[in-house]
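Undergrad: I am attaching a structure below and will ask some questions about it afterwards.
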Amino acid sequence: DVTQAFLQYATGPVTIIAGKFVTSAGAEVINTTANTNYSRSILFGYAIPFTHTGFRVSYAATDALTLVGGVNQGWDAIKDTNSAKTGELGVTFAPTKNFTLSAMLHSGKERVGGLVNIGPEGSRNLIDVVATFNATDKLTLILNYDYATQDNTTTVAVNGASKAKWDGWAGYINYQINDDWRVSLRGE
């Protein structure tokens, strides 16, 4: 399973990618060496998708504002599990070099369990927000919040409910001791 394989076209403020690519949701990424902690958060493992197959367009409206939109096969699926597509919309606002605020929305019909054409499907929505504050050249603070829902999670509703909801927070304090060493603390 290839993590990423996509074509990219960039011109001026517009970048288009098509193929399989990593998600833009979350404070942590698939490449472990790019994360500040060796272990990953619960949010990374259970709250967000890892990859998408489809296309994504990024538009750098200004030096401080980037808009993102795309359509894909859903969460972690090369082949879609149904005929519906998942849309993604996002915005990144970086008014200074010290502060960045990013928000992503993923929304579309997904099958519970990821089975192709089998089992219940319903609307799955994810709101992901990441705020990064570089307090000094050595100290970085990150706050990540995820809120998601999945409709029609079972074929037979338990107590009349067939909607799953999950949400969570992860906070990071990262201190760069020198070029070779840093200390990172995560709370969730």
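The values are calculated or read from the model by the stated rules, or taken from the named source; none is laboratory data. Here the structure is a predicted model, which means the values were calculated and not measured. All Cβ positions, even for glycine, are placed from backbone atoms using ideal geometry, and neighbour counts span all protein chains on display. Heads up: the accessible areas ignore ligands, DNA and RNA and are worked out on the full protein's heavy atoms, side chains in. Shrake-Rupley method; radii C 1.70, N 1.55, O 1.52, S 1.80 Å.
Undergrad: Could you tell me which of the residues THR62, THR100, THR96 is hydroxyl-bearing (Ser, Thr, Tyr) and under 23 Å from GLN4 (Cβ atoms)? Break it down stepwise before answering.
TA: Working: THR62 fails: under 23 Å from GLN4 (Cβ atoms); THR96 fails: under 23 Å from GLN4 (Cβ atoms).
Sole residue among the options that is hydroxyl-bearing (Ser, Thr, Tyr) and under 23 Å from GLN4 (Cβ atoms): THR100.
Undergrad: Here's a follow-up. Can you tell me which residue within segment 113-133, out of those that are in a strand (DSSP E or B) and open to solvent by 70 Å² or more (accessible area, probe 1.4 Å), is farthest from SER24 (Cα to Cα)? Write out each step before concluding.
TA: First, the residues of segment 113-133 that are in a strand (DSSP E or B): 121-133.
Pick out the ones that are also open to solvent by 70 Å² or more (accessible area, probe 1.4 Å) and you get 127, 133.
On the way: ILE127: 12, PHE133: 18 Å.
It comes out as PHE133.
Undergrad: A further question follows. Among the residues of segment 12-26, is there at least one that is open to solvent by 60 Å² or more (accessible area, probe 1.4 Å), among the hydrophobic types (A, V, I, L, M, F, W, C) and in a loop (DSSP other than H, G, I, E, B)?
TA: No, that holds for no residue.
Undergrad: Output the residues belonging to segment 92-108 that are more than 17 Å from the chain's Cα centre (by Cα) and modelled with pLDDT under 95. Outline the logic, then answer.
TA: The initial filter retains those residues of segment 92-108 that are more than 17 Å from the chain's Cα centre (by Cα), namely 94-99.
Correct list: LYS97 only.
Undergrad: Do you know which of the residues in segment 63-76 that are outside any strand (DSSP E or B) and farther than 16 Å from LEU126 by Cα is least open to solvent (accessible area, probe 1.4 Å)? Even if it seems obvious, please write down each step before you answer.
TA: First pass over segment 63-76, keeping only residues outside any strand (DSSP E or B): 63-64, 73-76.
Among the residues that remain, those that are also farther than 16 Å from LEU126 by Cα are: 63-64.
On the way: ASP63: 165, ALA64: 26 Å².
So, considering only residues that are outside any strand (DSSP E or B) and farther than 16 Å from LEU126 by Cα, the one least open to solvent (accessible area, probe 1.4 Å) is ALA64.
Undergrad: Would you mind finding the one in LEU143, LEU89 that is touching a Gly at 6+ places or on another chain (Cβ under 7 Å), modelled with pLDDT of 90 or more and within 25 Å of TYR175 (Cβ to Cβ)? Show your work before the answer.
TA: Values: LEU89 fails: within 25 Å of TYR175 (Cβ to Cβ).
Exactly one of LEU143, LEU89 is touching a Gly at 6+ places or on another chain (Cβ under 7 Å), modelled with pLDDT of 90 or more and within 25 Å of TYR175 (Cβ to Cβ), namely LEU143.
Undergrad: Working only within segment 41-52, note down all residues that are assigned to a loop (DSSP other than H, G, I, E, B) and either touching a Lys or Arg at 6+ places or on another chain (Cβ under 9 Å) or of a type in the set (A, V, I, L, M) (or both).
TA: Just the residues of segment 41-52 that are assigned to a loop (DSSP other than H, G, I, E, B), to begin with: 41, 48-50.
Those that are assigned to a loop (DSSP other than H, G, I, E, B) and either touching a Lys or Arg at 6+ places or on another chain (Cβ under 9 Å) or of a type in the set (A, V, I, L, M) (or both): SER41, ILE48.
Undergrad: Give me a count of the residues in segment 1-51 that are on the phi > 0 side of the Ramachandran plot and within 18 Å of the chain's Cα centre (by Cα).
TA: The number of residues fulfilling the criteria is 2.
Undergrad: Which condition number does ILE30 fail, the rest of (1) in contact with an Asp or Glu (Cβ under 9 Å, 6 or more places away or on another chain); (2) within 25 Å of GLU188 (Cα to Cα); (3) part of a loop (DSSP other than H, G, I, E, B) being met?
TA: All conditions are met except number (1).
Undergrad: Here's a check for you: in segment 146-162, which residue that is surrounded by fewer than 18 Cβ atoms within 10 Å (Cβ to Cβ) and modelled with pLDDT of 85 or more is nearest to ASN125 (Cα to Cα)?
TA: If we take residues in segment 146-162 being surrounded by fewer than 18 Cβ atoms within 10 Å (Cβ to Cβ) and modelled with pLDDT of 85 or more, then THR149 is nearest to ASN125 (Cα to Cα).
Undergrad: Hey, among SER24, SER107, SER58, which residue is touching a Ser or Thr at 6+ places or on another chain (Cβ under 6 Å) and small (Gly, Ala, Ser)?
TA: Working: SER24 fails: touching a Ser or Thr at 6+ places or on another chain (Cβ under 6 Å); SER107 fails: touching a Ser or Thr at 6+ places or on another chain (Cβ under 6 Å).
Every option except SER58 fails the conditions.
So that you can scan it fast, the table gives a plain yes or no per residue for (1) under 27 Å from THR136 (Cβ atoms); (2) not small (Gly, Ala, Ser):
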position: THR11; (1), (2): no, yes
position: VAL14; (1), (2): no, yes
position: GLU28; (1), (2): yes, yes
position: PHE50; (1), (2): no, yes
position: GLY54; (1), (2): no, no
position: PHE99; (1), (2): yes, yes
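Undergrad: Oh, and also: Name every residue in segment 115-133 that is within 18 Å of the chain's Cα centre (by Cα) and under 15 Å from ASN152 (Cα atoms), in order of residue number. I'd like the intermediate steps shown before the answer.
TA: Taking segment 115-133 and keeping what is within 18 Å of the chain's Cα centre (by Cα), we get 123-132.
Selection gives SER123, ARG124, ASN125.
Undergrad: Just to check your reading of the model, which residue among GLU88, GLU110 is in a strand (DSSP E or B), closer than 17 Å to SER24 by Cα, open to solvent by less than 50 Å² (accessible area, probe 1.4 Å) and in contact (Cβ under 8 Å) with a residue 24 or more places away in the chain? So that I can check it myself, show each step before the final result.
TA: Values: GLU110 fails: closer than 17 Å to SER24 by Cα.
None of the others qualify; the one that does is GLU88.
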